[in-house]
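Please read the structure below before turning to the comments.
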Amino acid sequence: MGAAVLVEYIPLMVLFALALAVVLAIVFVTPLVGPKKYSEEKMDAFECGSDPIGQARSRFSVKFYLIAITFIVFDVEAVFVIPWAVIFQDLGWYGFGVMSFFLAILTLGLVYEWKSGGLEWD
Amino acid sequence: MEGSVPLEWYLILSAAIFAIGGVGVLLRRNAIILFMCIELMLNAVNLTFLAFSRYRTGALGALDLDGHVMSFFVIALAAAEAAVGLAIILSIFRHRRHINVDDGNLLKN
Amino acid sequence: MNGISQISLAELRLLAPMLVVTVTGIAVLMLEVFQRSAMSRRYQAWLSVIGLGMAGLDTLYLLARGTEAFAMSQLLYMDGFGFTLDLVVLLGGALAALIAPAYLESHRLERGEYYGLVLFSVVGMMVMNHGADLFTIFMGLELMSIPIYCLAGYFRHSSASAESSMKYFFLGAFASALFLYGIAFVYGMTGTTSLVGVSRVMFSGLGSVDVAGAEAYAASSGFVEYVGLGAEGGPLFALEFLPAMAVLLILAAMAFKVAVVPFHAWTPDVYSGAPSSVVGFMATGVKTAAFGALVRVFMVGFFDQPARLSETGWLSVFFWLALISMVLGNVVAIVQSSVKRMLAYSSIAHAGYIMVGVVGASYSPEGFLQLESVLFYLLTYTLGTVGAFGVLAWFGKRGEEATTYEDLAGVAKKYPGAALAMTIFMLSSAGIPPTAGFMGKFYVFKAAVQTGETAMIALAVVGVLASVSGVYYYLKVIMAMYMKTPRREVHGVAGLELKTALVVCAMGTLLLGILPGIGLGISRAGVLSFLGAPPQVRVELNKLRAPVEAGRAELGAPE
């Protein structure tokens, strides 16, 4: 083992090098060669062609955070469910029972969240 | 395991990521960035687990999936920590209107 | 069904205490969301206490029967050591639940989540107490910590509470990451995370009694090739430092949780910002579970000679941690003007005293029984500390808490009961007879002295001196309550629950001070059935167990 056997990774390195070169070229060469004509319209913030409204850095409502927090928690259950689903025939009824128990507890969490108003938007 | 990346490389990479995360936690002040650094550390650990697991399965020929299982648990745990951490950051923001860790210092005498 | 190990009913029976607490926690949460919001939550405190009490009774039953078994595919040791720690943790949880109702009402934060979080945290602590595998211990640690992060920030209207929660969260998550990285290295080196497996593989042929077994295990796990003795994959670079680093990472995370110097910096900030009832629970429960896990990890996983006794072995690290914690904790506590911060530094000093017991017990296999002093100390510490924070919760008002010595001035005139209880707790924390704290300190220092080693005796002497200097700031609290005149009206809110908790703590403290045999007997029973003990320790324990078991057989008690 060692560096000698890593030959097959060379194309990947070439790809990386090319990508880097292209990016550097676009970023640094274009301003040098391209024409520069400024106008007020051009320097304005671009908002789909219409006149910009409000600040570019507006704050999101806290409610989005609440949804995000909820999403994270219920999203990760997939980490446990997918491996079970892949071999669920081998695991049989026992595996089904265990997974149902796991999901039942999660459901209780959902019930708690629902009843305490975590899913209300207003 | 001809042509595979040796274990050491994974370990060096994960140690580097872990160190970046660790230094970030100690030096940065913005709570969200601190939080991302913690996630970085946990993911570096995941990488270590997976690298060892793969090495033991491949090079040593012992079917060893423990590392994979552990990284699942770490992912679930990181999510739980994320939920609680974000909630804590939100409550700090409500009081202070910013989320810098060492400002205010209400608790210092 | 190929190769799936199913959970048997017998295993579930042993897990009954944990399951009862879990179900109570879920029940409390469900009741909270389905009840009318105007209704009182007082019954939830009692429900939690009933759940914890049932779990405690069952734990006592399992302990008395001398249960020793593995559970959940050898991930948990269901042994006396774990059950004894469970009792302490359950007691701490029940007291934290009892202190809360009046306190939360007076802060207008009466919500059932408090009890749910306490109960879930208790489950995490119990998992840690029984952990037979580094990863189980880690999961327990998280299950314990995450609810406590929330509890620390429970006073939503208080900026200090939110800040304390954030500090605890970030440092706690950092420590968890260190712990995990340590586990990852242990797993990489040994291919297992089970504590017994780790000790067999990591130290094979390095002083292990069961060398043949270790070698067979190493061969089957591929460890022999792995360290580079003819490895196909080549030797792992710098392997010599990997075990040390793994041990160090795990040690740092544990030291953070028990709050010993130099991993203590978070303690005063977090304790002074968090709600008093939570701090009492956090100081005692977390310490108990973390010390339980620490003892288990180091005694089972890393007990062998070079890791423990060499110049840089963990025993000498523990020695220094104990020494500086005792000295620094006591010295810094003296200059505090806030009672909560003073108690935080004193809790660091207490962690140092407990560490002395751990050091004494792990010095030689013969001294292993001295671990009983650690269990006993944790019990006395729980009673005294939860009680002290309970008294602080009594005098907490909405918006402002009783935190300074002035806030306690003149308490004795208006609330003689509270002052008397606080006096008992302070005397116990200071280690003055006839309180439990004195007996706790006595046994812990005895554990260090019985080794006969000069350094250990010196450690005990430093401990005694440090605790004598600690008397000063504990007496200051008593002086404030009895001698000083208050600048403003003393005001306290206490319910039946809080008073019950304080009576239990005070009576327990006095009882264990006068008749320490009760607590010590349980602690000894716990240490004698320590599963996973290394072979050389097992030999010693079996010598001591023989008469006990003969007695049990004579009485015809069930096995």
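Coordinate-derived values only; no laboratory data. Computed from a predicted model, the values in this text were never measured in an experiment. Heads up, the Cβs are rebuilt from the backbone with ideal geometry, glycines too, and the neighbour counts pull from every protein chain shown.
Below is a table of values for the structure above.
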{"read-out": "Local electrostatic count at B:Tyr10 - Lys and Arg +1, Asp and Glu -1, tallied over other residues with Cβ under 14 Å", "value": "+1"}
{"read-out": "Percent of Cα pairs exceeding the 25 Å cut-off, where the set is region C:417-549", "value": "47"}
{"read-out": "Kirkwood hydrodynamic radius of the protein assembly as shown, from inverse mean 1/r over distinct Cα pairs, in Å", "value": "28.1"}
{"read-out": "Flagged links, alpha-carbon separation over 29 Å, of A:Lys115/C:Lys287; A:Lys115/C:Lys257; C:Lys441/C:Lys499", "value": "A:Lys115/C:Lys287; A:Lys115/C:Lys257"}
{"read-out": "Order of C:Lys167, C:Lys446 - criterion: other Cβ atoms within 10 Å of each residue's Cβ, fewest first", "value": "C:Lys446, C:Lys167"}
{"read-out": "Charge tally in the Cβ shell below 13 Å around A:Ser50, where Lys, Arg are +1 and Asp, Glu are -1, A:Ser50 excluded", "value": "-4"}
{"read-out": "For region A:3-115, alpha-carbon Rg relative to the globular expectation (2.2 N^0.38 Å, N residues)", "value": "2.02"}
{"read-out": "Highest to lowest packing among B:86-93, C:521-528, scored as the average C-beta count within 10 Å", "value": "C:521-528, B:86-93"}
{"read-out": "Nearest-0.05 FRET efficiency for C:Lys413 and A:Ala19, computed from C-beta distance (R0 56 Å)", "value": "0.10"}
{"read-out": "Calculated FRET value between C:Ala64 and C:Met507, using beta carbons and R₀ = 25 Å, to 0.05", "value": "0.65"}
{"read-out": "Positive minus negative residues near B:Phe52 (Lys, Arg vs Asp, Glu; Cβ under 14 Å)", "value": "-1"}
{"read-out": "Region C:103-204 - Debye-derived log10 I(q)/I(0), Cα point model, q = 0.21 Å⁻¹", "value": "-1.04"}
{"read-out": "Filtered chymotrypsin sites (Phe, Trp or Tyr not before Pro), region A:1-92: DSSP coil and at most 11 other beta carbons within 10 Å", "value": "A:Tyr38, A:Phe46, A:Phe60"}
{"read-out": "Sequence of C:Asp133, C:Asp79, A:Asp75 once ranked by neighbouring C-beta atoms within 10 Å, starting from the fewest", "value": "A:Asp75, C:Asp133, C:Asp79"}
{"read-out": "Other protein chain Cβ atoms within 10 Å, averaged over every residue that makes up C:27-37", "value": "2"}
{"read-out": "Share of alpha-carbon pairs per 10 Å distance bin for region C:38-79, given as whole %", "value": "25, 31, 25, 14, 5"}
{"read-out": "Cα centroid of region C:43-99 to Cα centroid of region C:300-362, whole Å", "value": "27"}
{"read-out": "Gap separating the Cα centres of region A:43-122 and region C:387-460, nearest whole Å", "value": "46"}
{"read-out": "Pairwise Cα inverse-distance average, inverted: Kirkwood Rh of region B:7-96 (Å)", "value": "14.3"}
{"read-out": "Average other protein chain Cβ within 10 Å of Cβ, residues A:70-83", "value": "3"}
{"read-out": "Inter-chain shielding of A:84-91 (mean C-beta neighbours from other protein chains, 10 Å cut-off)", "value": "1"}
{"read-out": "Selection from C:Ile478, C:Thr288, C:Val449, by position along the positive dipole direction of chain C (Cβ)", "value": "C:Ile478"}
{"read-out": "Range of Cα positions in chain C per principal axis (Å), largest first", "value": "78, 57, 55"}
